[in-house]
Amino acid sequence: MTANNALPTFAGPPHVAAPWTGTDTTSGPTGGAGDPDGPGGPSGPGRADGGPGGSGPTGVLPRTGGSGSGGGQAEVPSVPIGRGIVAASVVLLLAGTAVLYFYGLSGSGWANSFYSAAAQAGGTDWKAWFYGSLDAANAITVDKPPAALWLMGLSVRLFGLSSWSILAPEALLGVASVGLIYATLRRVLTRGEGGARIPLTLRAHVASLVGAAVFALTPVAVLMFRFNNPDALLTFCMILATYFTLRAAERARARWLVAAGVVIGLGFLTKMLQAFLVLPALVAAYLVAAPTGWGRRIRHLLYAFAAMVVSFGWYVAVVELTPASLRPYIGGSQNNSILELAFGYNGFGRITGNETGSVTGGGGGFGGGGAGGGMWGETGLLRMFSGVSGGMVSWLIPAALVLGVAALVFLHGRKRTDLLRAAIIAFGGWLVTMMVVFSFMAGIYHDYYTVVLAPAIGALLALGGYVVWGRRNSLAGRIVLAGTMALTTVWAIVLLSEASGLYLTLRWVVLLLGTLATVALLAVRVVGRALRSTVVGVALAAALVGPAAYALDTAATPHTGSIVTAGPVSNGGPGGAGRTGRAAGFNRTRGTTAGGTSQGGPGQGAQGMPPGGFGQTGTGTQNGTGTGTQNGTGSTGQLPAFGAGPMGQTGGLGEVGAGRAGGAGGLLEGAQVSSEMTTLLTADASRYTWVAASIGSQNAASYQLATQLPVMAIGGFNGSDPSPTLAQFQEYVAQGRIHYFIAGGMGGQQNGGSSAASEISSWVTSHYTAQTVGTATVYDLTAPTS
């Protein structure tokens, strides 16, 4: 380290804030020796910090104020906390999270059958596991890289195919993510200059617990850590990368930054370019805070960049360099290229809306948008706060932003290398960057994408609250605390007003608690320590009642399909057969969307459930409104233990009435597989590479999960990939490798994609005889008509 960057020694405690120079200089009440967290107390036992109003020897209590006259000091000191209390509270946090994420997990059955089928294939065949193939015969991959499937595939291989073996790894990632948020916040709040360790205080511990709990209770987090989409692993990777970056920033250690790069690379192998959205915030935090010169900071970042490229580049190279005949087709691409998938369909196409082969949009605003917003909803700054997204993630975004900005203002004057400020930059930059991208992306947008906002919301709220609470003796600090509480209360009431039943009653609870907390925070300087704890408890209750209620609703409600939502306010968007049943005591509205109507689409029925899943009986229909009018058939779910809540899993992509949820059949929702169909497909299955072929991955996945045998997904997820071509399909049939063709699904030139699926369908119908098995139309490809 150069002389210019050497850290000076000083007599005061670490991270001492610059004195507040506001107008609040009146003397506060005198605190006794037994109230070390009280303003203006004298020095005494346990007060070796030379705190406000005292002149004791220099101590190490973190982030306290210096000597003062009893009022208007820079920051109020906190008290140490016993190890037993810390351990017990952390265990309680993680145990509570585990209960929330694991309870009733198998109720969702196969959840997203698309990824469940790929996990089944990976648990059967190592080649399918490596490439992320949808079927064990390796016809085509899913439209995402395989890292998330690696976890599920290994679980299936170890424990057998079941709902639990597929979903339990996601729930474990959730518990680990919550623990990692706590560990990250605690480390930030127990590190002084140059990474020196300082004692954990009550305020730091509580702030760390609150940040982790806010993350755990965010409704979209509960949804995605109980579901099998790749977003769970992506979120974990982002948190871990942030932890490594902040560790690197403590003492400018390149190895920790390299580790962060490796983890971001794993994130790329989970969901491609979305993993890079956290990079600007992490780079900014390290550049600002690492205790070394500019040249070394930049060099360390280059090391991390190289490690990131290597950590995902090896896989990209293997896929690109392997001859196409020796690997499955890359689903989601039009040219069988993982690079095209990364930069097109899963990359910049999501931003610009130019996604060749994606679902063609209509006029309605589902997926969290309003009227006139296109298929994936209206774009704009309010996207995260409107429609379904609002109730899924936005409860504490205003509070986090306000407290984060206020904390940066209060921390003005700290040394450049201050780790607390670096953490606020990291999590604040993470939150703002992703909010902006999601708000303005013109391509495919699903409300559940917002799960990656949840860790940043919890962490920024905790760090900002930690700093501002330490300034509660200043007028500015109290105004920020009270104003944030009032804003949070109002926004919670707005969100609860969009639901019905018990949620409307909760508005009055939030109003009462929020009002009491707001008034108390304004007067917090004149109350005793015990009462201050009560004030904090009431404020937290007011802030968390709404999201906690939505979180419990989400955990109590099974979710299936490709597009799922959290909380009692959900829509009937594409694939939106994402909710079933009704939790006792909650009278909720299903299928509502703010503004606009949804496009109709083809119906194929509801997806089958695995052994031990919930039963599905009866039928339900719903006309899609807007540009499409095709009826779809579906099923009414009867979920044990959650009452008789009906759910119409309909074929149309339309809105439905209260108490019912619309869902798309065929394209975004799988087929309901009859026992007759299962018997037909499994007969003589060993003679064929694929027991059947069907258009679209969701249809194929349902039949594959029902039989646990390979089913070819013609055209991939959207039915618009050129795999197989008509010539390839004809060759497979001539070789006797495919037994049946199952009609249904949707495919052919989706948004400029390939027409191979429709060509294959036309060829089959003109050369083979249709037969009805259960509710499905089937063609025996071993028995041509001529």
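Overview of results
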{"item": "Selected residue (criterion: nearest to Ser163 (Cα to Cα)) from residues of the stretch 125-149 that are part of a helix (DSSP H, G or I) and out of contact with any Asp or Glu (no Cβ under 9 Å at 6 or more places or on another chain)", "result": "Leu149"}
{"item": "Unmet criterion (only one of (1) farther than 23 Å from Thr124 by Cα; (2) in a loop (DSSP other than H, G, I, E, B); (3) not acidic (Asp, Glu)) for Ile760", "result": "(2)"}
{"item": "Those residues of the stretch 474-514 which are part of a loop (DSSP other than H, G, I, E, B) and either small (Gly, Ala, Ser) or touching a Gly at 6+ places or on another chain (Cβ under 6 Å) (or both), in sequence order", "result": "Ser474, Ser497, Ala499, Ser500, Gly501"}
{"item": "Where Ala422 falls short, out of the listed (1) part of a loop (DSSP other than H, G, I, E, B); (2) buried (at least 20 other Cβ atoms within 10 Å of the Cβ)", "result": "(1)"}
{"item": "Given (1) assigned by TED's automatic domain parsing to the domain that holds Ala462; (2) farther than 13 Å from Trp395 by Cβ, number of the condition Thr565 does not satisfy", "result": "(1)"}
{"item": "From the options Ile397, Ile479, Ile493, residue that is surrounded by 20 or more Cβ atoms within 10 Å (Cβ to Cβ) and of a type outside the set (S, T, N, Q)", "result": "Ile397"}
{"item": "Total residues in the stretch 254-301, condition without any contact (Cβ under 8 Å) to a residue 60 or more places away in the chain, of a type in the set (Phe, Trp, Tyr) and within 16 Å of Leu234 (Cα to Cα)", "result": "1"}
{"item": "Any hit, the stretch 543-552, residues being over 23 Å from Leu487 (Cβ atoms) and of a type in the set (Gly, Ala, Ser)", "result": "no"}
{"item": "Considering residues of the stretch 669-683 that are of a type in the set (Val, Ile, Thr) and closer than 11 Å to Tyr703 by Cβ only, the residue surrounded by the fewest Cβ atoms within 10 Å (Cβ to Cβ)", "result": "Thr682"}
{"item": "Hey, Ala462 modelled with pLDDT of 95 or more and either over 22 Å from the mean Cα position of the chain (by Cα) or surrounded by fewer than 19 Cβ atoms within 10 Å (Cβ to Cβ) (or both) or not", "result": "no"}
{"item": "Unique residue being in contact with a Gly (Cβ under 9 Å, 6 or more places away or on another chain) and of a type in the set (A, V, I, L, M) when the list is Ala168, Ala139, Ala207, Ala196", "result": "Ala207"}
{"item": "Only listed residue being in contact with a His (Cβ under 9 Å, 6 or more places away or on another chain), touching a residue at least 40 places away in the same chain (Cβ under 8 Å) and of a type in the set (Lys, Arg), chosen from Arg203, Arg186, Arg191", "result": "Arg191"}
{"item": "Within the stretch 531-565, considering residues that are in contact with an Asp or Glu (Cβ under 9 Å, 6 or more places away or on another chain) and small (Gly, Ala, Ser), the one surrounded by the most Cβ atoms within 10 Å (Cβ to Cβ)", "result": "Gly561"}
{"item": "Members of the stretch 684-728 that are more than 27 Å from the chain's Cα centre (by Cα), buried (at least 24 other Cβ atoms within 10 Å of the Cβ) and among the aromatic types (Phe, Trp, Tyr)", "result": "Trp690, Tyr703"}
{"item": "Residue in the stretch 305-357 that is surrounded by the fewest Cβ atoms within 10 Å (Cβ to Cβ), counting only those that are β-branched (Val, Ile, Thr) and closer than 17 Å to Ile140 by Cβ", "result": "Thr322"}
{"item": "Residues located in the stretch 114-135, provided they are hydrophobic (A, V, I, L, M, F, W, C) and crowded, with 24+ Cβ neighbours inside 10 Å", "result": "Phe114, Ala117, Ala118, Ala119, Ala121, Ala128, Leu134"}
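To keep it simple, each residue is scored yes or no on (1) closer than 30 Å to Thr725 by Cα; (2) under 20 Å from the mean Cα position of the chain (by Cα).
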position: Phe130; (1), (2): yes, no
position: Ala139; (1), (2): yes, no
position: Asp143; (1), (2): yes, yes
position: Leu149; (1), (2): yes, yes
position: Ser155; (1), (2): no, no
position: Phe159; (1), (2): no, no
position: Ser162; (1), (2): no, no
position: Leu167; (1), (2): no, yes
position: Ala171; (1), (2): no, yes
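The values are calculated or read from the model by the stated rules, or taken from the named source; none is laboratory data. Everything numeric in this text was worked out from a predicted model, so none of it was measured. Neighbour counts are summed over all protein chains in view; Cβ atoms, including those assigned to glycine, are modelled from backbone coordinates with ideal geometry.
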